[in-house]
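The values are calculated or read from the model by the stated rules, or taken from the named source; none is laboratory data. Quantities reported herein were computed from a predicted structural model and do not represent experimental measurements. Here the Cβ positions follow ideal geometry from the backbone for every residue, glycine too, while neighbour counts run over all protein chains shown. Side chains are part of the model used for accessible areas, which takes the heavy atoms of the whole protein and leaves out ligands, DNA and RNA. Shrake-Rupley method; radii C 1.70, N 1.55, O 1.52, S 1.80 Å.
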Amino acid sequence: MAAAGPAAAVLRVVATTTDMAALAAAVGGDIATVESIVPAAVDPEAFEPRPGDLDKVRHAALLVRVGLGYDYWLDTLLSRIGDRRLMRGGEGYLDASAGIPLLEIRGQSVMNEGGHAHGVANPHYWLDPDNAVIVTAVIAEALVRLAPGQRERIIANRERFLAELKTRRAQWNELLAPYAGVKLVAYHNSWPYLARRFRLDIVDFIEPKVGVAPSPAHLARLISAGRKAQVRAILHEPYEPDDTSHLVARKLGVPLVLLATSVDSVPGTKDYFALFDHNVATLAQALGAQARRAQ
């Protein structure tokens, strides 16, 4: 397969995750073909690249990554390819975390703990829809750099995306506004950006540490604290084991809410807007039903 280059009519964009791919596709429109490395509904933090992924990356005109250690495995592929164009600082390399107002900054190097890397900061920043404004800006800048003749089309694509995002954000805010301040427990620490944007309060996690299964003692403490805090729901990711989440939900008498961590990770989340449509509607429905039962 011939490599896509800056002069090509259609740019080949490769993203590490479906979320970055969805945002790149929104900006690139018909001047870009976009594919992701990590399949939908697979945990990117525990992903192991497959043989074909090396060629996929090698032939990219633009490579978009989440960064912050979330897709740490990409560095191995890049070192094997050895193309400076696709390495940090190269014209075909984009770390989409640049410019994001990060949460849970630790001031230390990226660590991998049991297949998960939450070292520098929490990496799930795409789950705040406002951060899509920043990510699409840096993607647009990179695409314009590679295809300057398509500048107007790229800008127009992004403006259409932002207009739709503004409309959808107002709808999402309205749906979740009644539940501002509600206390939740999550299985994995995936949701601080979502929680901040919609004023939710995640008070604890079923995982005692990232990537570590909970002990009986930890679960007993969490259930006791959850009762006192009046936790209203358990948030769960599609690729995590759900037996302990069901146990905690049952003990607390609250719903288990399966949310999509990434585009296409659960049915009906085929693009970035659908991801939030699902998460907001699912969470609002579960919290509303519980509130009605409590009356």
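Out of the DSSP beta bridges found with both residues in the chain, what percent are antiparallel (nearest 5)? Write down the numbers at each step before the final one.
Numbers: 2 of 23 bridges.
The antiparallel proportion sits near 10 percent.
Can you tell me the 0 to 90 degree angle between the C-alpha axis of helix 18-28 and the longest principal axis of the chain, rounded to 10?
In the chain, helix 18-28 runs at an angle near 50 degrees to the longest axis.
Expected output is a single nm value to one decimal: the length gained when fully extending between ASN173 and LYS209, i.e. 0.36 nm times separation in residues minus the C-alpha distance. What is it?
Working it through step by step, the gained length comes to 9.9 nm.
In straight Cα distance, which aspartates and glutamates are under 13 Å from LYS209, not counting same-chain residues fewer than 8 positions off?
Correct list for LYS209: GLU113.
Which of ALA24, ALA121, MET87 sits farthest toward the positive end of the charge dipole of the chain, with +1 on the Cβ of Lys and Arg and -1 on the Cβ of Asp and Glu?
ALA121
Taking a threshold of 22 Å on the Cα-Cα distance, which of the pairs LYS228/LYS251; LYS183/LYS270; LYS166/LYS270; LYS183/LYS251 fall above it?
Numbers: LYS228/LYS251 13 Å; LYS183/LYS270 29 Å; LYS166/LYS270 19 Å; LYS183/LYS251 16 Å.
The pairs that break the limit, which is 22 Å between Cα atoms, are LYS183/LYS270.
If you roll a 1.4 Å probe over the chain with all protein chains in place, what percent of the accessible area is carbon or sulfur?
Carbon-and-sulfur percentage of accessible area, whole number: 54.
Under a crude label model (7 Å from the Cα following the beta-carbon direction), how far is GLN230 from ALA289 in nanometres?
Output for this residue pair reads 2.2 nm.
Run lengths n ≥ 4 of DSSP H only: what is the helix-derived mean residue ellipticity at 222 nm for the chain, with -39500 (n - 2.57) per run over all residues, to the nearest 500?
That comes out to -13500 deg cm²/dmol.
I'd like to check one number: the per residue accessible area of the stretch 38-98, probe 1.4 Å, reported in Å² as a whole number. Spell out each step's value before the answer.
Values: 2510 Å² over 61 residues.
Value for the stretch 38-98: 41 Å² per residue.
Output the 0 to 90 degree angle, nearest 10, between the alpha-carbon long axis of helix 151-176 and the longest principal axis computed from the alpha carbons of the chain.
Between helix and principal axis, roughly 0 degrees.
Quote the charge dipole size of the chain about the Cα centre in Debye, to the nearest 20; the model charges only the Cβ of Lys and Arg (+1) and of Asp and Glu (-1).
I would put it at about 700 debye.
Just to be sure I understand: with springs between alpha-carbon atoms less than 10 Å apart, which residue in ARG199, ARG227, ARG158 has the highest mean-square fluctuation in the Gaussian network model of the chain?
ARG227
Where nothing but the Cβ of Lys and Arg (+1) and of Asp and Glu (-1) is charged, how large is the charge dipole of the stretch 30-181 around its Cα centre, in debye to the nearest 20?
Details: 17 positive and 21 negative charges, 94 e Å.
Dipole of the stretch 30-181, to the nearest 20 debye: 460 debye.
Which entry in [x] 58, 45, 32; [y] 63, 39, 33; [z] 54, 53, 32 is this structure's computed Cα extents along the principal axes in Å?
[y]
Rounded if a/c is under 1.5, else prolate if a/b beats b/c, else oblate: with a ≥ b ≥ c from the C-alpha gyration tensor eigenvalues square-rooted, which is the stretch 183-295?
Oblate.
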